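Working notes, structure below.
The values are calculated or read from the model by the stated rules, or taken from the named source; none is laboratory data. For clarity, every value in this text was computed on a predicted model and none was experimentally measured. Cβ sites come from the backbone with ideal geometry, for glycine too, and all protein chains shown count toward neighbours. Side chains included, ligands, DNA and RNA excluded: accessible areas come from the protein's heavy atoms. Shrake-Rupley method; radii C 1.70, N 1.55, O 1.52, S 1.80 Å.
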Amino acid sequence: MTAASAPPMIRMAGVDKFFGPLHVLKNVQLEVPKGQVVVVLGPSGSGKSTLCRTINRLEPIDSGVIEVDGQPLPAEGKELARLRADVGMVFQSFNLFAHKTIVENVMLAPTKVRKIPAAEARKTAMELLERVGIANQADKFPAQLSGGQQQRVAIARSLAMKPKVMLFDEPTSALDPEMVQEVLDVMTSLAKEGMTMLVVTHEMGFARKAADRVIFMADGEVVEDSTPEEFFSAPKSNRAKDFLGKILTH
Ligand SMILES: Nc1ncnc2c1ncn2[C@@H]1O[C@H](COP(=O)(O)OP(=O)(O)OP(=O)(O)O)[C@@H](O)[C@H]1O
Ligand SMILES: [Mg+2]
């Protein structure tokens, strides 16, 4: 397929989501073409995490359509497992298996879910650990690594499933300040290599430099959808102006 006819990597159309009476995603329309890096900004409670979680179906939606690479999200079973492999997700907390070594953490899903032979999975895991700069820590346990190193392992672990798209939900928020940059550097190189990425972050430097596009959410709605230049220099809505005023004066 040519680029022009290729489906977007992520397509959300008319997506609504409720938690009980709370309307947390309101008629969300979002198309992310292959290779694009989208940063999602917005105040606390605006629905950023929920948006991410609906894309790999950690949260079901109440109406609308979500497609990944042209395929509607499956509800359950084998198809859902495949979707979860295609859509990598990195959270604030790394959730590595404490009793497995770093390299074993990265090998686990490929061997268990994709049934890749252990030797091959180990080779790929080592290449990924090399790529995120921690191959020399491969035989240590998670508790022996810094937060920034553990988060890089979590990224390598997601990449081991060869995802088509990566979702990041505040991947640096739990890190000590001096470890933030090493994780952002890994994300920036992933972006340069052409990975499609949706990134919830408060790191405005990353948003300005690495994003192709900024989505601003408020109260469950996508209020602005623009380039970083436009968003930071000339936000259109009062809610975005207010938000930027608060974070940029911090
Ligand atoms: N499992 C849940 N059950 C009920 N309400 C929920 C649940 N998860 C989230 N919410 C509510 O949905 C709304 C959106 O939450 P969400 O976590 O998506 O916001 P967010 O933009 O990620 O916020 P933050 O910046 O604080 O992470 C909030 O009002 C939140 O309290
Ligand atoms: Mg959140």
In this structure, does VAL87 turn out to be closer than 18 Å to GLU170 by Cα and away from ligand 2 (no atom under 16 Å from the Cβ)?
-> yes
Looking only at segment 3-26, which residues are surrounded by 15 or more Cβ atoms within 10 Å (Cβ to Cβ) and within 16 Å of ligand 1 (Cβ to nearest atom)?
-> MET12, VAL15, ASP16, LYS17, HIS23, VAL24, LEU25, LYS26
Within segment 210-230, is even one residue surrounded by fewer than 21 Cβ atoms within 10 Å (Cβ to Cβ), of a type outside the set (A, V, I, L, M, F, W, C) and within 17 Å of the chain's Cα centre (by Cα)?
-> yes
PHE91 passes all but one of the listed conditions (1) open to solvent by less than 30 Å² (accessible area, probe 1.4 Å); (2) within 16 Å of ligand 1 (Cβ to nearest atom); the exception is number (1)
Please name all residue pairs, on different chains or six or more residues apart, with Cβ atoms under 7 Å, provided the first residue is in segment 38-65 and is assigned to a strand (DSSP E or B) and of a type in the set (Val, Ile, Thr) and the second residue is open to solvent by less than 50 Å² (accessible area, probe 1.4 Å) and near ligand 1 (Cβ under 9 Å from one of its atoms).
-> VAL40/LYS48; VAL40/LEU51; VAL40/VAL200; VAL40/MET217
Note: among MET89, MET126, MET107, just one is closer than 21 Å to ILE10 by Cβ and of a type outside the set (Val, Ile, Thr), namely MET89
Just for segment 184-209: of the residues that are open to solvent by less than 10 Å² (accessible area, probe 1.4 Å) and among the polar types (S, T, N, Q), which one is nearest to VAL32 (Cα to Cα)?
-> THR196
Is it the case that some residue within segment 20-32 is away from ligand 2 (no atom under 16 Å from the Cβ), in contact (Cβ under 8 Å) with a residue 40 or more places away in the chain and touching a Phe, Trp or Tyr at 6+ places or on another chain (Cβ under 7 Å)?
-> no
Any idea which of (1) modelled with pLDDT of 95 or more; (2) open to solvent by 40 Å² or more (accessible area, probe 1.4 Å) is the one LEU159 doesn't satisfy?
-> (2)
Residue list for segment 105-154, filter: under 24 Å from LEU80 (Cα atoms) and open to solvent by 70 Å² or more (accessible area, probe 1.4 Å) | LYS112, VAL113, ARG114, LYS115, PRO117
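Would you check if there is a residue in segment 148-164 being within 16 Å of ligand 1 (Cβ to nearest atom) and within 16 Å of the chain's Cα centre (by Cα)?
There is no residue in segment 148-164 that is within 16 Å of ligand 1 (Cβ to nearest atom) and within 16 Å of the chain's Cα centre (by Cα).
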Positions within segment 22-68 being acidic (Asp, Glu) and out of contact with any Asp or Glu (no Cβ under 7 Å at 6 or more places or on another chain), in sequence order = GLU31, GLU59, GLU67
Consider SER49 against the criteria (1) open to solvent by less than 10 Å² (accessible area, probe 1.4 Å); (2) within 16 Å of ligand 2 (Cβ to nearest atom): it satisfies all of them except one. Which criterion is unmet?
-> (1)
